[in-house]
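Data block below; observations after.
The numbers here are math on the coordinates, done by the rules we state, and not lab data. Since the structure is predicted, the reported quantities are computational estimates derived from the model, not experimental observations. Note that we place each Cβ from the backbone using ideal geometry, even for glycine, and neighbour counts take in every protein chain shown.
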Ligand code: GTP
Ligand code: MG
């Protein structure tokens, strides 16, 4: 089952958001025809997200039939909001244009795939990577190499063609594969990161605890995986 977190925009909505952002930051972004170009970009990224989502659902069905086990627990998808997109371009000092988004940002379309076991994560990710119409643009394996704060997940940027009336548009989609335990950990860490009303030493203490929790969760997952495999 795919849960879509955000509604897509239409042109008048994009225009009013862009006007608001331009006022807020004191710089004009996406003038004139750029508004329609941005709507087209969103439509293509949304199509790419659907393409990858369908591929993942098909693989999940196949695994279920062959192995009597669903590797995917559930998926979530989202298109990056226009505010975050412009925020990211500004943070990186990139031009505030639709072309610049196309060339520089790979996470406009994002899918989070929550699996039961680490073996499921790699089975699904590797099988998708091998499909003939897919290109792997980048892999960041924070499961083999967790981040210093304890964050674990496998991030893969896939490029998939979206076929429109003028032909194929190769489009990147960022897929974050993780287990339920990794997801549960990441949600709490995310809350801590964005919590403003907290003293520095308190935050530091929670970060230490979270680091230890990440290690313990990884250990528990290993042991449960063992049982899962022995049960066959
Ligand atoms: P940015 O998207 O600008 O961060 O750069 P990137 O795409 O090179 O980064 P990366 O692939 O490392 O991470 C992208 C996404 O993974 C983030 O937007 C988060 O959703 C997630 N993520 C990465 N690191 C962390 C972390 O430490 N904690 C949590 N909760 N999520 C993380
Ligand atoms: Mg990113």
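Points worth noting:
- Choice from 216, 103, 20 with maximal GNM fluctuation in the chain (Cα, 10 Å cutoff): 103
- Gyration tensor verdict on region 112-232 (Cα atoms; rounded if a/c is under 1.5, prolate if a/b is larger than b/c, oblate otherwise): oblate
- Rounded to 5, percent antiparallel among DSSP beta bridges of region 11-179: 80
- Span from the region 157-187 Cα centroid across to the region 29-61 one, whole angstrom: 10
- Highest-MSF residue in the chain out of 196, 149, 58 [GNM, Cα springs under 10 Å]: 196
- 171, 54, 119, 179 arranged by Cβ crowding within 10 Å, fewest neighbours leading: 54, 119, 171, 179
- Across the chain, counting alpha-carbon atoms alone, Rg and Dmax equal 19.8, 61 Å.
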